[in-house]
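In what follows, a single structure is set out as structure tokens and then discussed.
Any read-out appearing in this document is the output of simple, stated calculations on the displayed coordinates, not a laboratory observation. Model, not experiment: these values are computed from the prediction. So basically every Cβ, Gly included, is an ideal-geometry build from the backbone, and we count neighbours across all protein chains shown.
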Amino acid sequence: MKRAVQLQTDPQTAPLAPGSAFDDFFAEHHSALFGALWLVTRDRHEAEELTQDAFVKVWERWGRVRDLDDPVGSLYRIGMSLFRNR
């Protein structure tokens with residue numbers, strides 16, 4: 001008789017499955033963040049790079065960010081901080 005093995009995964013390091021909450025978050029907010037960053041940078045390529053970097057930082061902290069009262073605000077704060085630091 002075989003016993004089922006249940007793996008314990010850390011939500012911080014678990015791979016994201018298609019349709020995950022982060023994927024939905026990304027799809028919903030990517031265009032708007034890109035537009036805001038394009039407005040402040042006035043450079044399409046720079047805005048895309050900043051958008052990608054902001055989402056990477058949110059993804060790295062997704063376990064904490066998803067439980068915040070305003071995860072979108074954190075995304076924009078990160079994006080604007082990245083802009084100011086360049």
Environment charge of residue 41, counting only residues whose C-beta is closer than 10 Å and scoring Lys/Arg +1, Asp/Glu -1 = -1
inquiry  = Apply the Karplus curve 6.51 cos²θ - 1.76 cosθ + 1.60, θ = phi - 60°, to the phi angles in region 37-48 and return the couplings in whole Hz, x for Gly and Pro.
reply    = 6, 5, 4, 7, 8, 6, 9, 4, 5, 5, 5, 5
key: Net charge dipole size for region 18-86 [Lys, Arg +1 and Asp, Glu -1 on Cβ; Debye, nearest 20]   = 280 debye
ask   = Each residue of region 74-85 in order: what ³J(HN,Hα) in whole Hz does its phi give by Karplus 6.51 cos²θ - 1.76 cosθ + 1.60, θ = phi - 60°, with x for Gly and Pro?
value = 5, 4, 5, 4, 5, x, 6, 5, 4, 4, 5, 7
